[in-house]
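Following: one structure in structure tokens, then a few remarks.
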Amino acid sequence: MGLIRAVFDAAFRQGGTRLKPVGPRWPLLLFHVDTGGCGGCGMELEALGAGAYDVQGAGFGFVQSPRAADVLLITGSLTRTMAPVLEAAWQAMPTPKGVICVGNCAIDGGFFPENYTTMGGLDRKVRIDLRIPGCPPTPLQVLEGLCSLFGKRPEGETSADHGAGSSTSS
Ligand code: SF4
């Protein structure tokens, strides 16, 4: 979690059991790129950002440009067509910056392993700061995964209440 740790070191300081925002990076800004797959993970991310979940209250926001982003949020298996788009987004982001993979496809290719059109997941290709597995992970599981970066859980109901799996990080 080296890169993402640099983001947090630049943006936050720890106070007691909570991480308090300092400086401009509050909320932590996420830029989403869907690189392939079936689109299901992207739909769950759209649901997460649609307002039913307190994403901003948890300390995160979505932006429309990589130039304004702290973290690249990737869903889907990486198609060869999208590889240069993903690289361009990464290069456009200011430093420090990090990578979060949402869903099995983004992590290891899932149902879309490497072939002549697809490069599979990003595991062992790039440094991933946080992995949120699932096919797809629910919006709440994504939010819990994001909150794990802060060492906390989202307020209110959690996916554990529904017997769902938990998020993991690298
Ligand atoms: S992980 Fe599952 S839901 Fe997400 S893009 Fe891949 S096949 Fe679709």
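Laid out as a table, the results:
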read-out: Long-range neighbours under 6 Å by Cβ, at least six apart or interchain, first residue under 23 Å from residue 86 (Cα atoms) and part of a loop (DSSP other than H, G, I, E, B) within the stretch 128-157, second at pLDDT below 90 and among the hydrophobic types (A, V, I, L, M, F, W, C); value: 129/1; 129/3; 129/4
read-out: Cβ pairs under 9 Å, 6+ apart, first in the stretch 33-50 and over 17 Å from residue 61 (Cβ atoms) and hydroxyl-bearing (Ser, Thr, Tyr), second near the ligand (Cβ under 8 Å from one of its atoms) and modelled with pLDDT of 95 or more; value: 35/75; 35/76; 35/77; 35/105; 35/106
read-out: Candidate set from the stretch 121-135 (those that are more than 13 Å from the chain's Cα centre (by Cα) and within 11 Å of the ligand (Cβ to nearest atom)); member that is surrounded by the fewest Cβ atoms within 10 Å (Cβ to Cβ); value: 135
read-out: Residue ID - nearest to the ligand (Cβ to nearest atom), chosen from residues in the stretch 96-120 that are closer than 21 Å to residue 29 by Cβ and not in a strand (DSSP E or B); value: 103
read-out: Some residue of the stretch 69-82 being assigned to a loop (DSSP other than H, G, I, E, B), over 17 Å from the mean Cα position of the chain (by Cα) and more than 16 Å from the ligand (Cβ to nearest atom); value: yes
read-out: Given (1) within 16 Å of the ligand (Cβ to nearest atom); (2) under 23 Å from residue 149 (Cβ atoms); (3) of a type in the set (A, V, I, L, M), number of the condition residue 63 does not satisfy; value: (1)
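The values are calculated or read from the model by the stated rules, or taken from the named source; none is laboratory data. Source: prediction; values computed, not measured. Methodologically, a virtual Cβ is constructed for each residue, glycine included, from the backbone with ideal geometry; neighbour enumeration extends over all protein chains shown.
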